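Enquirer: Structure below; questions to follow.
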Amino acid sequence: MTGKPPRGLARGLTNYGDADFALYLRKSFAKSMGYGNAMLDRPVVGIACTPSGFNNCHRHFPELLEAVKRGVLAAGGLPLEFPTISLGEVFLSPTSLKFRNLMAMDTEEMIRAQPMDAVVLMGGCDKTVPAQLMGAVSVDRPAIQLVAGPMMTSRHGGERLGACTDCRRFWARYRAGAIGADDIAAVEGRLATTAGTCAVMGTASTMACIAETLGLCLPGTAAIPAVHADRLRAAEATGTAAMALLRDPVRPTEIVTRDAVENALRALLALGGSTNAVIHLTAIAGRAGVDIPLAWLNELSDTTPVLVDLKPVGEHYMEDFFAAGGMGAVLRELRPLLNLDCRTVAGETLGERLEREAGPVDRTVIAAASAPFEPEGGLVALFGSLAPGGAILKRSAADPALFEREGRAVVFCSLRDLAERIDDPELDVAPGDFLVLQNAGPKSPSGMPEAGYLPIPAKLAAEGVRDMVRISDARMSGTAYGTVVLHVTPEAAVGGPLALVRSGDRIRLSVAERRIDLLVGEAELERRGRALPAPQDPSERRGYDRLYTEEVLQADRGCDFAFMLPR
Ligand code: FES
């Protein structure tokens, strides 16, 4: 044995008390897969590959995997793929967020436990990208992400359709009686017709763009449609780049710095991206020891223009964004606001990348910084007596006419209560009321689902009401829209002020002042607080459900587990 650090299959040997035996045994078993000595002596690039029969968004991963392997082989490495759990957004109950931390742990431990010199992370569907990045940052071995890429759009009659903003648009029309059962059945078959992630700037696309901005995937790759040959070439290049990371190692914690996180927040705001991305970026940054106070988000939001016109906020789809210039065009416009010295997996700094790039930009999709679609960022954090730890509003997806107002609370104490009463013709609700949902936060039994986009009560929808102020400790799909106040912290299940709201209370929302306040006297709130039932004892649960309930942090800490943060 030489004094060099072990490489390839010689890394992290199985502990038999005899290292030479362990390597001999490992190579012997590897040979059973048909590899010769020349291959087994190469550096190893692990590929965390996440196809699943329960994940439509990753159905093209077998073909992408072959391209990644090609890139690794051509650069002199040995590519070895391995599975981790995969999170298909709509196939998981109660909600995919609950399993993001499980996938992060799975990814981290499999990178650490298996002999690989670098890793390619193949993810895409909403929670898979943050999960893989959280795990990779924690293990801190050279890592590069390859995202799935967005779906292509489809057609229904004369209309262009793409998951999942149009899913919600048509469902709202169906609920309001504007279209019938035949129409909605036809739309169901046209919303998601190719491989890839949702076709709009939802959570998956936002996280892909954030990964590119952070410098954790190759430049220009976030928005390539899933089914384009360009994506296969990006996969091949990603495999090659993983090998380059071995010659010039840059670790994830050297990439996910405070400056890079600030760049990512700027990108999120300029994209009018998903509210979920605030939670996920907080969790990824937290693994690198970088905190994201929500006040920081507001500071950046005030000075970052909205530069893209994509659904759910605008008119276009991800394939249009790619054709318009993609993330590179956005970053070039943001350049004066960005920290350009940040390192990337491509072996260059962000500034060097932007210096090198040029190209035509379709200004109907990606605006110039001098003529933005909105002068301020798409997301804003609210604070006040109803949300002492903060709440999030996607103002770019909301109705400004509802931004400065006081309303009467109509309270639903759980998701079940919401389902049972929201369409009750006897429900006491008017268009100017604020709909409030309690007990849908991270520690609630529902695990913080994307239920914050409360449906407009059927009787109001039928009258033509399209938006109302909605407040909850839940999340909202990145593909949804409306005046929806989310992630209220602390949540109701831990006794936050949200738990104390009663129907008929007055609530004041002021986006200008960044405030959300419950207008109820202290004494009355104290009385209500004393009458709250004790939180459910997590020890009544078992397994991962118990671990999650006991350890999950609030939304302002990224819903990570406390014990996964760096010490
Ligand atoms: Fe996978 Fe939307 S369901 S990204």
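The values are calculated or read from the model by the stated rules, or taken from the named source; none is laboratory data. It should be emphasised that the depicted structure is a prediction, and the values quoted were computed from it without experimental measurement. Don't worry about glycine lacking a Cβ; one is built from the backbone with ideal geometry, like all the others, and counts go over all protein chains shown.
Enquirer: For region 125-150, what are the residues that are of a type in the set (G, A, S) and more than 21 Å from P62 (Cα to Cα)?
Expert: In the first step, residues of region 125-150 are kept if they are of a type in the set (G, A, S); the result is 131, 135-136, 138, 143, 148-149.
Hits for region 125-150 are G135, A136, S138.
Enquirer: Would you call L64 more than 30 Å from L553 (Cα to Cα), within 16 Å of the ligand (Cβ to nearest atom) and modelled with pLDDT of 95 or more? Write out each step before concluding.
Expert: Working: more than 30 Å from L553 (Cα to Cα): yes; within 16 Å of the ligand (Cβ to nearest atom): yes; modelled with pLDDT of 95 or more: yes.
Yes: the conditions hold for L64.
Enquirer: Determine which member of the set S477, S539 is more than 23 Å from S385 (Cβ to Cβ), outside any loop (DSSP other than H, G, I, E, B) and of a type in the set (S, T, N, Q). Can you show your working first?
Expert: On the way: S477 fails: outside any loop (DSSP other than H, G, I, E, B).
So the residue among S477, S539 that is more than 23 Å from S385 (Cβ to Cβ), outside any loop (DSSP other than H, G, I, E, B) and of a type in the set (S, T, N, Q) is S539.
Enquirer: Then there is this: Of the conditions (1) aliphatic (A, V, I, L, M); (2) farther than 20 Å from M243 by Cβ; (3) assigned to a strand (DSSP E or B), V119 fails just one. Which one is it?
Expert: (2)
Enquirer: On to the next question. Of the numbered conditions (1) under 25 Å from T275 (Cβ atoms); (2) assigned to a helix (DSSP H, G or I), R231 fails exactly one; give the number of that condition.
Expert: (1)
Enquirer: While we're looking at this one, here's another question. Looking only at residues in region 7-23 that are assigned to a helix (DSSP H, G or I) and either of a type in the set (A, V, I, L, M, F, W, C) or within 40 Å of the chain's Cα centre (by Cα) (or both), which one is surrounded by the most Cβ atoms within 10 Å (Cβ to Cβ)?
Expert: First, pick out the residues of region 7-23 that are assigned to a helix (DSSP H, G or I): 8-10, 19-23.
Within this subset, residues satisfying the condition of being either of a type in the set (A, V, I, L, M, F, W, C) or within 40 Å of the chain's Cα centre (by Cα) (or both) are 8-10, 19, 21-23.
Details: G8: 19, L9: 24, A10: 19, A19: 14, F21: 12, A22: 16, L23: 19.
Among those that are assigned to a helix (DSSP H, G or I) and either of a type in the set (A, V, I, L, M, F, W, C) or within 40 Å of the chain's Cα centre (by Cα) (or both), it is L9.
Enquirer: Let me ask you something else. Identify the single condition in (1) in contact with a Phe, Trp or Tyr (Cβ under 8 Å, 6 or more places away or on another chain); (2) surrounded by fewer than 24 Cβ atoms within 10 Å (Cβ to Cβ) that A199 does not satisfy, given that it satisfies every other one.
Expert: (2)
Enquirer: Which one is farthest from the ligand (Cβ to nearest atom) among residues in region 47-61 that are surrounded by fewer than 22 Cβ atoms within 10 Å (Cβ to Cβ) and of a type in the set (G, A, S)?
Expert: G53
Enquirer: Within region 48-71, can you find the residues that are touching an Asp or Glu at 6+ places or on another chain (Cβ under 9 Å) and among the aliphatic types (A, V, I, L, M)?
Expert: Listed by number, the residues that qualify are A48, L65, A67, V68.
Enquirer: Between residues in region 533-556 that are closer than 20 Å to Q438 by Cα and residues that are outside any helix (DSSP H, G or I) and among the small types (G, A, S), which pairs lie under 6 Å by C-beta distance while being six or more apart or on different chains?
Expert: Filtered contacts from region 533-556: D556/G389; D556/G390.
Enquirer: Counting only residues that are within 15 Å of the ligand (Cβ to nearest atom), give me the helices (runs of 4 or more DSSP H) lying completely in region 125-204 with at least 2 of them.
Expert: Numbers: elements: 128-139, 165-175, 181-188.
Helices (runs of 4 or more DSSP H) meeting the threshold: 128-139, 165-175.
Enquirer: Mind listing whichever residues of region 429-455 are part of a loop (DSSP other than H, G, I, E, B) and over 24 Å from the mean Cα position of the chain (by Cα)? Before you say what the answer is, go through the steps one by one.
Expert: Keep residues of region 429-455 that are part of a loop (DSSP other than H, G, I, E, B), which gives 429-433, 438-455.
Of everything in region 429-455, those that are part of a loop (DSSP other than H, G, I, E, B) and over 24 Å from the mean Cα position of the chain (by Cα) turn out to be V429, A430, P431, G432, D433.
Enquirer: Of the numbered conditions (1) within 16 Å of the ligand (Cβ to nearest atom); (2) β-branched (V, I, T); (3) surrounded by 22 or more Cβ atoms within 10 Å (Cβ to Cβ), I85 fails exactly one; give the number of that condition.
Expert: Among (1) within 16 Å of the ligand (Cβ to nearest atom); (2) β-branched (V, I, T); (3) surrounded by 22 or more Cβ atoms within 10 Å (Cβ to Cβ), I85 violates only (3).
Enquirer: Consider region 475-497. How many of its residues are within 16 Å of the ligand (Cβ to nearest atom) and among the aliphatic types (A, V, I, L, M)? Spell out the reasoning first.
Expert: Step one: of region 475-497, the residues within 16 Å of the ligand (Cβ to nearest atom) are 475-481.
Then keep just the ones that are among the aliphatic types (A, V, I, L, M); that gives 476, 480.
Number of matching residues: 2.
Enquirer: Only residues that are among the acidic types (D, E) and closer than 15 Å to I284 by Cα: list them for region 107-143, please.
Expert: Residues of region 107-143 that are among the acidic types (D, E), as a first pass: 108-109, 117, 126, 140.
Within region 107-143, E108, D126, D140 qualify.
Enquirer: Can you confirm whether T213 is more than 16 Å from the ligand (Cβ to nearest atom) and polar (S, T, N, Q)?
Expert: Details: more than 16 Å from the ligand (Cβ to nearest atom): yes; polar (S, T, N, Q): yes.
Yes; evaluated as a whole, the condition is true for this residue.
Enquirer: Examine region 493-512 for a residue that is free of Cβ contacts under 8 Å to residues at least 12 places away in the same chain, touching a Leu at 6+ places or on another chain (Cβ under 7 Å) and under 25 Å from L265 (Cβ atoms), and state whether such a residue exists.
Expert: No, that holds for no residue.
Enquirer: Any residue in region 173-201 that's charged (D, E, K, R): show its pairings with residues that are outside any strand (DSSP E or B) and away from the ligand (no atom under 13 Å from the Cβ) at Cβ separation under 7 Å, as long as the two are six or more apart or on different chains.
Expert: R173/I179; R175/P455; R175/A458; R175/A461
Enquirer: Additional query: Picking from E236, E254, which residue would you name as being in contact (Cβ under 8 Å) with a residue 40 or more places away in the chain, outside any loop (DSSP other than H, G, I, E, B), acidic (D, E) and in contact with a helix residue (DSSP H, G or I) (Cβ under 9 Å, 6 or more places away or on another chain)?
Expert: Values: E254 fails: in contact with a helix residue (DSSP H, G or I) (Cβ under 9 Å, 6 or more places away or on another chain).
Of E236, E254, the one residue that is in contact (Cβ under 8 Å) with a residue 40 or more places away in the chain, outside any loop (DSSP other than H, G, I, E, B), acidic (D, E) and in contact with a helix residue (DSSP H, G or I) (Cβ under 9 Å, 6 or more places away or on another chain) is E236.
Enquirer: If you don't mind, another one. In this structure, does A185 turn out to be surrounded by fewer than 24 Cβ atoms within 10 Å (Cβ to Cβ) and either of a type in the set (D, E, K, R) or over 30 Å from P252 (Cβ atoms) (or both)? Break it down into steps so the answer makes sense when it comes.
Expert: On the way: surrounded by fewer than 24 Cβ atoms within 10 Å (Cβ to Cβ): yes; either of a type in the set (D, E, K, R) or over 30 Å from P252 (Cβ atoms) (or both): yes.
So A185 passes the test.
Enquirer: Checking D117 against (1) more than 28 Å from R466 (Cα to Cα); (2) within 13 Å of the ligand (Cβ to nearest atom); (3) not aliphatic (A, V, I, L, M), which single condition isn't satisfied?
Expert: It fails just one condition, (2).
Enquirer: Looking at region 432-450, can you tell me whether even one residue there is surrounded by 15 or more Cβ atoms within 10 Å (Cβ to Cβ), out of contact with any His (no Cβ under 6 Å at 6 or more places or on another chain), more than 26 Å from I279 (Cα to Cα) and at pLDDT 95 or above? Can you show your working first?
Expert: The initial filter retains those residues of region 432-450 that are surrounded by 15 or more Cβ atoms within 10 Å (Cβ to Cβ), namely 433-450.
Filter once more, so that each one left must be out of contact with any His (no Cβ under 6 Å at 6 or more places or on another chain): 433-450.
Filter once more, so that each one left must be more than 26 Å from I279 (Cα to Cα): 433.
Right, trim to at pLDDT 95 or above and you get 433.
Yes, because at least one residue in region 432-450 is surrounded by 15 or more Cβ atoms within 10 Å (Cβ to Cβ), out of contact with any His (no Cβ under 6 Å at 6 or more places or on another chain), more than 26 Å from I279 (Cα to Cα) and at pLDDT 95 or above.
Enquirer: Does at least one position in region 99-114 carry a residue that is surrounded by 20 or more Cβ atoms within 10 Å (Cβ to Cβ), within 16 Å of the ligand (Cβ to nearest atom) and more than 21 Å from the chain's Cα centre (by Cα)?
Expert: No; the residues of region 99-114 include none that is surrounded by 20 or more Cβ atoms within 10 Å (Cβ to Cβ), within 16 Å of the ligand (Cβ to nearest atom) and more than 21 Å from the chain's Cα centre (by Cα).
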